[in-house]
1. Between helix A:7-20 and chain A, what is the angle of the helix's C-alpha long axis to the longest principal axis, kept within 0 to 90° and rounded to the nearest 10?
2. Wrap a convex hull around the Cα atoms of the stretch A:500-609, take a quarter of its surface area, and give that in square nanometres.
3. More than 16 angstrom separation, counting every C-alpha pair in the stretch A:643-716; what % is that?
4. Testing the spin-label approximation: label points 7 Å from Cα along Cα→Cβ at A:E790 and A:D244. State their distance in nm.
5. Give the relative contact order (percent, whole number) for the stretch A:118-194; include only Cα pairs under 8 Å separated by 6+ residues.
6. Check each of the trypsin sites (Lys or Arg not before Pro) in the stretch A:95-148 and keep only those in coil by DSSP with at most 13 other C-beta atoms within 10 angstrom; list them in order.
7. How big is D, in µm² s⁻¹, for chain A by Stokes-Einstein at 20 °C and 1.002 mPa s if Rh is the Kirkwood radius over C-alpha pairs?
8. Would you mind computing, in nm to one decimal, how far apart the modelled labels at A:C179 and A:K476 are, each placed 7 Å from Cα along Cα→Cβ?
Amino acid sequence: MNERYDFKSVESKWQKYWEENKSFKTFEDKDKEKYYVLEMFPYPSGKLHMGHVRNYAIGDVVARCKKMQGFNVLHPIGFDSFGLPAENAAIKHGVEPGKWTWDNIHEMEGQLRQLGLSYDWDREVQTCSPDYYKWMQWIFIQFYKKGLAYKKENPVNWCPSCQTVLANEQVVDGCCERCKTPVGKKNLSQWYFKITDYADRLLDNLDTLTGWPEKVKTMQRNWIGRSVGAKIAFKIDGTDLSMDVFTTRADTLFGVTYMVMAPEHPYVEGLVKGTEYEAPVKEYLDKVQHMNDIERTSTTNEKTGVFIGKYAINPVNGKKVPIYISDYVLMGYGTGAIMAVPAHDQRDFDFAKKFDLEIIPVVDPGNPDIDINNLTEAFAAEGTMINSGKFDGMNNRKAIDAMIEWLNDEGIGEKTINYRLRDWLISRQRYWGTPIPMIYCEDCGWVPEKEENLPVLLPTDVEFTGKGASPLTTSKSFGECTCPRCGKKAKREMDTMDTFLDSSWYFLRYCDAKNDKAAFDKEKTDYWMNVDQYIGGVEHAILHLMYARFFQMALHDLGLVKDEEPFKNLLTQGMVNKDGKKMSKSIGNVVSPEEIMGKYGADTARLFILFAAPPERELDWSDEGVEGSYRFLNRVYRLVYDFNKNYSGDGSENFDITTDADKELNYVLNGTIKKVTEDVGGRFSFNTAISSIMELVNCLYRYRERPDVNEAFMKKAIDTLVIVLSPFTPHICEEMWEGLGHSDTLVNVPWPKYDESALVLDTVEIVVQINGRVKEKLDIATGMTREDMEKTVMAEPSVQALTEGKQIVKVIAVPDKLVNIVVK
RNA sequence: GCCGGAAUGGCGGAAUUGGCAGACGCACGGGACUUAAAAUCCCGCGAUCCUUACCGAUCGUACCGGUUCGACCCCGGUUUCCGGCACCA
């Protein structure tokens, strides 16, 4: 141990030590309780940013702490390494996507090692490696065989800039999640996963995820968007057709005055063919189809539509009502058609006003301020049924179920549940992704590649022009193949998989990363899964976290994994900002981890980022704060160095705690162990854990100034300080640990236990309140009964002075805390 | 509009079960050491008032009200901010 804290040599020394000794290598060990801590793996963009540092620092503290507490800890890392940036680099700079990606991976591996993270590097996974995507393809085939994957032509989201389709989840405010370009619609034949089959389970299981933030669960609930209602059939007058509508307001059925179909509804073309309505309908359709989602929703309240010349018959009262098409009805939700009740739905009301349609009230608000026959807006609240035949007089909320029951008996409707969630569009017209292992044969249709032929390798004879179809289509070798079923000439699928598939099961692969016979061995995943603590950014609340849950459920149904849910506990870390704003190149406020590690070292960077804010909250980067953390580490280092210089003992731990100063130090020491143990292990409050370690350091600085220092005890306290600080700042702690004369690495040192009795002092300071206001503080013996406390306090002259001449109404005593005297 | 979360000194934040509001750190001010500076160590640091000073008093956790001996914490209402969903029938 040098006199000065030289973080550069200390950090490289211990990183080398951990690596050479394989300090973090993990095996399945049935005799030990396992703990799986996982941080969301990074995309290899080139360099780490502060968000990564925060994510991995949090995970590393948990991993190191659990390991010292005797758990068999799985703490892996890898790279989510397929995706568009690699391909864009190829187009822009002519670098091969594979080379670009692997160079970045190596760069980032180096940076992660510099942070001193306790990963088992032997389990590293890269999703762009054939060893990985082979099993991705295998899983795809299992899903296909199970009927979970299908190809279908549909209007899909198309990003003109990325030149590919997007899943609904990747369209944010009508724009591409990645490049922010407005997304258009295209009719294309694409591969889907039937995630909607799992809508109910994805929703209901959320209640079992007690270790998840409420915020994330709410976001997923909103996204799945379950609504319970009824499907009702309306006959179309003068045809054999019947149109189904979905409604959550079956109680308003008698108030229907018109119907609306989505412009894309399959009936529309046939219904207007050859009539005078054909031309205006076609014109409207053209207009709607040329709008992207932003334009379509920007005219929020201004309703448009066209009458199609046909009428529907209300099954409950035989009333003939006109059918319109309008873009406020969406083909993708419900049945793509609605019954319109302008009196009780604002959208229908706006439309009815514009087209001068009838408005029939069927729910009476029972409020004299509302003129039910002359509404100025739709009445959507609770009321009493009117104009509704036998339902009149009933509460409308109760009438919903009664109406559905009746419709069911009459055979004209039934209870239905609808979801906002759509099937997951998983194919992409891009090169740098897992090839979809499907083959199209003229005779056999779509056939999966034979499993023994996996992986279907990405070809390298491709061109990146940035124009036209996917680069894969430029390969001479890739497309041609034979049908795995009949052996005839056939064509390979040219699309690749959405990279969100790769990240939907990587946590399973970590359990058995090097398996070349299977995606993973069930015995191993049974041992390690599920993930005890998952840590990552809240931006993945819907996309990744829902897809991964879906994968786990589907794999569970295939008998491949034990649990239905992959992540037991979830911690969503807040963003790292600078000056209250997101760090970004365009603002120019980016602080790079490289720069900070170079100036202060990894330990300081880790310490600051954990100390500056609780993990879930946003963290504002502060250069002064970093200085403070660096100062603290120097302060600890000096404490240990100075102690060593003067230490004359032989390492013996025999000592007595005698003086008041000993007792105080013992109290603070045990309090710190308790606080750090609970804050790290229980509630992930790293900032308060660190603050209590700082208090211990302050206490030791005071203690060492005393003339009667108990050297053996102080050694014990300093040893313990170094142990509890080590999960946060491992390098400097290893160095100090060695300096303190220990030969073993801190990684395997058992976590200290605290002595509850040391936390009980002989006397305790209590507060004396008069009418709830603090007036006096007294030292009394610990553990006094309420009665004794009251007697002691009342006998105190200062208290008597305070209550003099007043009538004592009541005295409340809380043991070891306070006495409150209520006076008049 | 619906749903979720938040609001505490100059700043980041603490108070874990209803019991001393402001731990710990940053910034700032003062002192010690030094020829000097840096570093380090020590002290102070919510507001207002009283006081030469000490001592003390009052107010104070977004706002209004309630429950309680006692409320940052529980209940009712309001405001602002952040996030999600939204022409979803």
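Just so it is clear, none of the values below were taken in a lab; they were calculated from the coordinates. Just so it is clear, the model here is predicted, and its values are computed rather than measured. Every residue, glycine as well, gets a Cβ built from its backbone with ideal geometry; the counts of neighbours run over all protein chains shown.
1. 70 degrees
2. 9.5 nm²
3. In whole percent, the long-distance tail amounts to 53.
4. Between A:E790 and A:D244, the simple spin-label model gives 7.3 nm.
5. Values: 86 pairs, mean separation 23.7, N = 77.
Relative contact order, the stretch A:118-194: 31 percent.
6. Numbers: sites: A:K99, A:R113, A:R123, A:K134, A:K145, A:K146; in loops: A:K146.
The qualifying sites are A:K146.
7. 67 µm²/s
8. 2.9 nm
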